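**Q** Quick one: this structure, given as structure tokens, is what I'll be asking you about.
What follows is calculated from the coordinates using simple rules that are stated; it is not laboratory data. All values derive from a computational prediction rather than experimental measurement. Positions of Cβ are generated from backbone atoms using ideal geometry, with glycine treated the same way; all protein chains shown enter the neighbour counts.
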Amino acid sequence: MEEDKLKPEIIESADGSHTLRVESLNENYHSHKGALTESLHVFLKMGLALFSEKESIQLLEVGFGTGLNAMLTAIDKDRKHVHYTSLETYPLSWEMVSKLNYAKLSNDSKAESVFEKMHTAPWGEFAEIAEGFSLRKVKSSLQEFQSDTQFDLVYYDAFAPHAQPELWEPVIWQKLFEMMSVGGVLVTYCAKGQVRRDMQAAGFKVERLQGPPGKREMIRATKP
Ligand SMILES: C[S@@+](CC[C@H](N)C(=O)[O-])C[C@H]1O[C@@H](n2cnc3c(N)ncnc32)[C@H](O)[C@@H]1O
């Protein structure tokens, strides 16, 4: 089982939602100040909401992990059609993720079945998970991933620079810039100065936005 490499343990974050702790990386899958709150703020409010008028979008997520961002996107009431591609190198087992309390806390009666469908969907192909929401999980690193799709929205949710510095290098922003449509938007919880400068050097217009509770800032980068 691949999650053995990370040995994640379930912990409770400040808003009552679970997250996973990876002791060997000194890292969590989400903010310990509130996992659900962070995802809603960084990825849905600052990212997805910009596309509520667009009939159909191609979305790329870096780091499927627990599927929290994917579930929240699937049950979002304001979205239009979303084609959601999510990359993951160390898939978690259903045995572990089925213990997470995200569906319960979401107050959406469809969330439980959406969450299970997402985790049991096949890898490498699009599967219809909810009305207007299809998911393609790809067992690949971002570094190896190749695609002809031009992505409108990128949820950049890799482990933090201290844990996985190779995912925050200039070459990453150059690659994503090439893979995005004009007007495409990348959002991430990270606000490091070096990351912002490297994104700008790759061609992005970069904004520092208010972060979720407990984090001062976050980044939104747009391909002009
Ligand atoms: C911060 S966690 C993701 C949180 C996830 N979005 C969620 O809602 O649970 C980072 C994820 O990136 C995955 N990952 C690690 N290296 C990767 C790589 N090179 N390319 C893509 N994903 C990677 C990890 O296994 C982990 O699941």
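**Q** Which percent of the Cα-Cα distances in segment 34-222 go past 25 Å?
**A** More than 25 Å apart: 29 percent of the Cα pairs in segment 34-222.
**Q** Arranged from highest to lowest average of other beta-carbon atoms within 10 Å per residue, in what order do the peptides 146-152, 69-75, 202-208 appear?
**A** On the way: 146-152: 14.0, 69-75: 24.6, 202-208: 16.1.
Taking the mean over residues of other Cβ atoms within 10 Å, the ranking is 69-75, 202-208, 146-152.
**Q** Let me have the 222 nm mean residue ellipticity of the chain computed from DSSP H runs of 4+ only, each contributing -39500 (n - 2.57), with the sum over all residues rounded to the nearest 500.
**A** About -5500 deg cm²/dmol.
**Q** Let me spell out the model: positive unit charges on the Cβ of Lys and Arg, negative unit charges on the Cβ of Asp and Glu, origin at the Cα centre of segment 120-184. What dipole size does that give, in debye rounded to 20?
**A** Dipole size: approximately 120 debye.
**Q** Hey, another quick one. Build a GNM of the chain with springs between Cα atoms under 10 Å: which of SER109, SER56, SER31 gets the top mean-square fluctuation?
**A** SER109
**Q** Now for a different question. Quick one: Karplus J couplings for segment 100-115, per residue in order, coefficients 6.51, -1.76, 1.60, θ = phi - 60°, nearest Hz, x for Gly and Pro?
**A** 6, 9, 5, 5, 4, 6, 6, 6, 10, 5, 8, 4, 4, 6, 4, 4
**Q** Lys/Arg Cβ at +1, Asp/Glu Cβ at -1, dipole of the chain taken about the Cα centre: which of GLY124, TRP168, LEU105 is farthest positive-ward?
**A** TRP168
**Q** I've got another one for you. Take every DSSP beta bridge with both residues inside the chain and express the antiparallel ones as a percent of the total, to the nearest 5.
**A** Approximately 45 percent, going by the DSSP bridge assignments.
**Q** While we're here: Can you tell me how much longer the chain between VAL182 and LYS80 gets when fully stretched, taken as 0.36 nm per residue apart minus their C-alpha distance, in nm with one decimal?
**A** Extra length available between VAL182 and LYS80 comes to 34.8 nm.
**Q** Amide H neighbours of GLU61 under 5 Å, counting only residues 5+ apart in sequence or on other chains, H built in-plane at 1.01 Å?
**A** THR85, SER86, LEU87, TYR155
**Q** Still on this model: Once the piece of chain linking GLU144 and TRP94 is laid out straight, how much longer is it, given 0.36 nm per residue of separation minus the C-alpha distance between them?
**A** 15.5 nm
**Q** What dipole magnitude, in Debye to the nearest 20, does the chain give about its Cα centre under +1 on Lys/Arg Cβ and -1 on Asp/Glu Cβ?
**A** Here the chain has a charge dipole of around 700 debye.
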